[in-house]
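This report refers to the structure that appears directly beneath it.
The values are calculated or read from the model by the stated rules, or taken from the named source; none is laboratory data. Everything numeric here is computed off the predicted structure, so don't read it as measured data. All Cβ positions, even for glycine, are placed from backbone atoms using ideal geometry, and neighbour counts span all protein chains on display. Only protein heavy atoms, including side chains, enter the accessible area calculation; ligands, DNA and RNA are left aside. Shrake-Rupley method; radii C 1.70, N 1.55, O 1.52, S 1.80 Å.
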Amino acid sequence: MTSQWPNSPEPMLDELRDDHSHGGDIALRPLPSIHEPRGREDGRPTNRSDDDHVNPSQRLNPDTARLSPSRDPSRGAASHPSTRSSWDVTGSLPLDSRSMTTDHSSHALAQPSDEPPKPVVRRRERRIVVTPSQDRLVHRRLRGIHLSMIAVNATLGTGMYWRGGQILQLGGPLSTLLAFLLPGVLAWAVMQCITEMLCIWPIPGALSVYVSEFVDPELGIAIGITYWFTYAASFAALVATSAAEIHYWKPENKAFDGAVLYFLIPCFLVFLNCFRIDIYGWFEVISSSIKVVFLLVVICCMVAINVGGRLLLPSLSDRVIADEMIIAGTTHQIIGAGFWDHPIEYDHNAASSWFNSLAMSISIASFAYVGVEVVAASALEARWPNGNLRTNSDLSERSHEELLIGETVRFSSVYIPVLATIAYVLAGVLASFNIRRDDCRLPRLSWVANEKCDGITTNPSSSSSSGTTTSAFVAIAIEAGLSPLDHVFNNFLVFTALTCAGTNLYVASRALFGLVARLDDAPSQPWPLRLLAWFGKTNRHRVPMRAMILSALSFCWVPFLQLHGESANISMFIEILATMSTASVIIVWAFECWAFIRYYHCIYKHREALERWELSQVRRWDQRHYRDYPYRSHMQPFLGYMALAGCLFVLVVANSALLWKKFHPTPFLSTFLLQIVFFVVCIILKVFRGGSWSLVDLSNPDRVAEKIRKLHDIRLGAS
């Protein structure tokens with residue numbers, strides 16, 4: 001973490017150096033750890049004593065570059081200078097304040113009896129916790145329900161309403177079941193890995209930091225950029241998708257589309273994201289609750305239609321026959337499991353075999369689970385469940401109160417993937433019971449020709465005429481002859497797309513803020529870094545407004561491309577941009593699994609040293625302090641390896657399955673372009689930053705301990 005100093009700290013350092021009231025030298029370290037125990041000659045920490053605790057309120061104020069006096073919450077006054085762990089407001093260093101005596105002699109080791117003892121040189125070491133300036137901090141005001149509903153809003157998007165029908169048309173009923181189930185299990189496994197690290201370090205840019213610290217620094221930066229791109233591009237793509245769904249009622253009108261759909265609606269979503277985080281959190285709770293109610297309504301309607309709510313019509317256009325059947329009282333039909341008579345039937349125009357169609361379906365269904373990991377982006381604003389504990393100045397209680405953040409984020413991280421999997425599987429299977437696989441109203445792959453359904457547009461990125469649909473549920477309502485229901489379902493789809501777009505903008509802004517908030521904006525830095533650091537500042541409400549505006553403007557021009565009329569190239573470009581988010585988030589998942597695997601083996605290898613040094617919250621196997629470790633994920637490290645293998649399967653096998661039947665540029669660019677760009681960015685960062693081409697060294701216990709303390713410092717500074 002880099003501090004932003006408004007003025008040079010040299011006067012203060014000179015004052016510290018000139019202070020001779022303590023005897024001995026003073027060693028000032030710029031980024032220390034409050035968890036660091038006493039040192040010894042070889043630099044390795046020994047067991048920490050209670051006398052070495054540091055008051056977390058005693059931090060260096062970066063705005064004034066002066067030392068702030070500590071205050072005892074129980075007394076409401078500044079502590080006396082002679083009291084342990086207190087700072088003198090004048091800058092002088094009291095005898096018992098956060099200093100330690102370190103034995104730098106070599107006689108602590110076994111000495112031969114014939115050698116005279118060497119003199120003992122003692123040095124008092126001052127440790128100062130440096131926090132970011134106030135304009136680089138966010139409020140921690142999100143409750144557990146806020147985190148859960150933000151994850152629900154990001155996950156329950158158009159993937160369920162649109163991708164489900166596309167998978168059914170491509171691979172048949174059985175593929176629909178497996179295509180939603182298998183990526184759901186993968187998402188749960190990935191989140192098990194992320195959650196274990198997130199409960200320890202809920203910090204800004206968490207996903208990027210984990211990869212930087214345990215795999216490779218440049219890879220971590222590339223992961224942060226990729227994650228930001230995922231949600232910034234999805235924001236624009238969802239705005240375009242909602243506009244296409246609105247065209248179900250209103251034919252295309254360039255003036256209305258440009259002014260309302262592509263300008264006013266995104267501006268409204270930006271306006272919502274400008275609110276204070278605790279207020280915005282309740283917007284997420286309300287909108288997510290409405291989406292959950294919509295989902296329950298859809299499921300109930302699917303069941304009702306299947307057991308007898310379908311109007312029996314030989315032709316939907318023959319209203320005369322429909323009227324006669326209504327008079328005769330033969331208006332409804334029980335569908336049951338009739339459409340599952342051929343569960344492995346697939347689209348022969350798109351796939352060469354059923355396994356080919358299943359692999360393609362898995363690639364498509366993975367899009368639906370984009371968002372289960374957003375709790376990692378919002379955890380930096382998670383509140384402390386007990387605000388009173390946060391004012392406790394006794395560091396002996398510090399480990400327990402930091403566990404409370406883990407309690408806040410754990411439910412959202414662990415259970416949202418499970419709930420999303422149940423919702424997707426249930427909705428997809430119910431849809432497969434109520435409509436034929438080859439129904440032309442189902443969405444299909446845009447690059448696959450279908451002579452039977454030529455002339456019917458189902459591409460959500462296409463500005464089509466009134467009456468087309470991209471949702472299997474809307475098509476089922478039409479097929480059932482329940483005319484008002486299709487409009488209700490389409491309202492659900494539009495609301496889902498817009499609320500998901502707003503959440504994606506929130507995630508993009510926090511991802512960018514976490515990436516640039518710790519950059520140094522000093523005049524001596526290169527101007528590109530200073531420019532990026534400028535976007536890492538927050539407003540007076542602690543909202544990263546600059547990062548949010550940049551995220552909204554980055555791809556806001558994409559929906560306006562549809563105003564140029566029907567163009568195959570424009571529709572293909574928007575579809576590629578929307579689909580690229582799937583590949584990008586799977587890349588992030590894969591590297592998070594890799595980071596966790598290396599972290600797991602690291603703390604296992606050095607478990608004895610970590611327990612001996614009593615480093616908090618990383619002693620996974622310490623039975624004496626079992627509750628000190630916030631969360632132990634299941635079946636590790638086997639589950640981590642399986643999750644990594646699953647991500648690689650999706651990235652390599654499932655994505656390439658889209659090209660097995662016939663090569664087409666749309667699926668190739670959608671799935672592999674970003675992977676190529678990702679590794680190119682990594683190479684450029686390596687060259688530009690002069691980074692090492694080897695992975696982070698985790699073999700040295702001293703370096704591992706220092707790395708863990710640094711992560712603890714980032715966590716403390718961000719709180």
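Some notes on this structure:
- Residues satisfying the criterion are absent from the range 120-128 (criterion: modelled with pLDDT of 80 or more and farther than 26 Å from G371 by Cβ).
- Taking the range 573-621 as the range and being open to solvent by 10 Å² or more (accessible area, probe 1.4 Å) and among the aromatic types (F, W, Y) as the test, the residues that pass are F573, F591, W594, Y600, Y604, W621.
- Conditions (1) over 19 Å from the mean Cα position of the chain (by Cα); (2) surrounded by fewer than 24 Cβ atoms within 10 Å (Cβ to Cβ); number of the one not met by E245: (2)
- The single condition from (1) among the aliphatic types (A, V, I, L, M); (2) within 19 Å of G159 (Cβ to Cβ); (3) not in a helix (DSSP H, G or I) that V494 fails is (3).
- The one condition in (1) of a type outside the set (F, W, Y); (2) assigned to a loop (DSSP other than H, G, I, E, B); (3) touching a residue at least 60 places away in the same chain (Cβ under 8 Å) that S524 fails to fulfil: (3)
- The one condition in (1) open to solvent by 10 Å² or more (accessible area, probe 1.4 Å); (2) over 18 Å from Y600 (Cβ atoms); (3) not charged (D, E, K, R) that S212 fails to fulfil: (2)
- Which listed residue, of L219, L177, L170, is touching an Asp or Glu at 6+ places or on another chain (Cβ under 6 Å) and of a type in the set (A, V, I, L, M, F, W, C): L170
- Evaluation of L174 against (1) open to solvent by less than 10 Å² (accessible area, probe 1.4 Å); (2) within 24 Å of V425 (Cβ to Cβ) (one fails), failing number: (1)
- Qualifying residue in the range 191-205 (condition: at negative phi and open to solvent by 10 Å² or more (accessible area, probe 1.4 Å)): yes
- Long-range neighbours under 7 Å by Cβ, at least six apart or interchain, first residue modelled with pLDDT of 80 or more within the range 562-580, second open to solvent by 20 Å² or more (accessible area, probe 1.4 Å) and of a type in the set (S, T, N, Q): E575/S446; E575/N459
- Residues of the range 616-668 that turn out to be among the charged types (D, E, K, R) and within 19 Å of Q166 (Cα to Cα), as a count: 2
- Just one of the listed residues (L644, L639, L651) is in a helix (DSSP H, G or I), surrounded by fewer than 20 Cβ atoms within 10 Å (Cβ to Cβ) and either of a type in the set (V, I, T) or modelled with pLDDT of 90 or more (or both), and it is L639.
- Out of L674, L695, sole residue that is surrounded by 18 or more Cβ atoms within 10 Å (Cβ to Cβ) and either without any contact (Cβ under 8 Å) to a residue 24 or more places away in the chain or of a type in the set (A, V, I, L, M, F, W, C) (or both): L674
- Residue match in the range 701-711 (condition: among the β-branched types (V, I, T), under 30 Å from S363 (Cβ atoms), out of contact with any Asp or Glu (no Cβ under 6 Å at 6 or more places or on another chain) and surrounded by 16 or more Cβ atoms within 10 Å (Cβ to Cβ)): no
- Within the range 195-208, the set of residues being under 12 Å from the mean Cα position of the chain (by Cα) and in a helix (DSSP H, G or I) comprises T195, L198, A206, L207, S208.
- For the criterion of being modelled with pLDDT under 85, part of a helix (DSSP H, G or I), of a type in the set (G, A, S) and within 35 Å of the chain's Cα centre (by Cα), A379 passes.
- Selection over the range 251-303 of residues that are outside any helix (DSSP H, G or I) and among the acidic types (D, E) gives a count of 1.
- Qualifying position, being touching a Cys at 6+ places or on another chain (Cβ under 7 Å) and not acidic (D, E), among F591, F596, F555: F596
- With respect to the conditions (1) modelled with pLDDT under 90; (2) open to solvent by 10 Å² or more (accessible area, probe 1.4 Å), S554 lacks only one, and its number is (1).
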